[in-house]
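Below: one structure, written as structure tokens.
The values are calculated or read from the model by the stated rules, or taken from the named source; none is laboratory data. Bear in mind the structure is a predicted one, so any value in this text is a computation, not a measurement. Glycine gets a Cβ as well: all are built from the backbone with ideal geometry, and neighbour counts include every protein chain shown.
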Amino acid sequence: MVESTIGKVSSNDTRSIIVRGYPAFDSWYAIRMTTLLRLFAWLLAAAVTFATLGPAFMRPHSNLGQDGEHALAFVLVGIAFGLAYPRHRLFTMAMSVVAIGVLELLQLWAPGRHARLEDFVVDALTACVGFVIAAGSDWMVARWRESEQSAP
């Protein structure tokens, strides 16, 4: 018999053992991946914050143009946070839009930087697109797992 968060179950019934909301056979992998995804998301957010508020000469530049760079950065932020916090995706998306607005406003006090409504719109919309991509990928993985489990 194995003690778990739902009580005693036989060791043969591993699918009914729940650890932090995950089945036991998935728990350590899921917890580690969630931790890594969250760490990556926050590091990416810190890098985007530095690029947004830091000196312009230290910001990476590409051939995508300003809007393309903003779109790429914030779609990656949306995907990262959407995968890192799947149970609170809508709340996290709303907080991301608020944080993007705050970053734009903070540029008013950053020397050599400027706050523009166009930047906010591009950043917020592409972050939301990233969250939609994360939700879609979760949905596709769930459907794939269901089809594998129902296959003979």
Exercise. Would you point out the residue of the range 48-106, among those that are farther than 19 Å from Phe131 by Cα and among the hydroxyl-bearing types (Ser, Thr, Tyr), that is surrounded by the most Cβ atoms within 10 Å (Cβ to Cβ)?
Key: Thr52
Exercise. Just give me the residues in the range 1-41 being exposed (fewer than 14 other Cβ atoms within 10 Å of the Cβ) and at pLDDT 55 or above, in sequence order.
Key: Trp28, Tyr29, Arg32, Met33, Thr35, Leu36, Leu39
Quiz item: Counting only residues that are assigned to a loop (DSSP other than H, G, I, E, B) and in contact (Cβ under 8 Å) with a residue 40 or more places away in the chain, which one in the range 112-152 is farthest from the chain's Cα centre (by Cα)?
Solution: Gly112
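This table checks each residue for (1) among the aliphatic types (A, V, I, L, M); (2) in a helix (DSSP H, G or I); (3) in contact with a Phe, Trp or Tyr (Cβ under 7 Å, 6 or more places away or on another chain).
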| site | (1), (2), (3) |
| --- | --- |
| Met33 | yes, yes, no |
| Phe40 | no, yes, no |
| Ala45 | yes, yes, no |
| Thr49 | no, yes, no |
| Thr52 | no, yes, no |
| Phe57 | no, yes, no |
| His61 | no, no, no |
| Gln66 | no, yes, no |
| His70 | no, yes, no |
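Confirm whether Val98 is in a helix (DSSP H, G or I), without any contact (Cβ under 8 Å) to a residue 24 or more places away in the chain and of a type in the set (Val, Ile, Thr).
Details: in a helix (DSSP H, G or I): yes; without any contact (Cβ under 8 Å) to a residue 24 or more places away in the chain: yes; of a type in the set (Val, Ile, Thr): yes.
Here the answer is yes, as Val98 does meet what is asked.
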Practice problem: Could you grab me the full set of residues in the range 101-141 that are in contact with a His (Cβ under 9 Å, 6 or more places away or on another chain) and either on the phi > 0 side of the Ramachandran plot or of a type in the set (A, V, I, L, M) (or both)? | Solution: Leu108, Val122
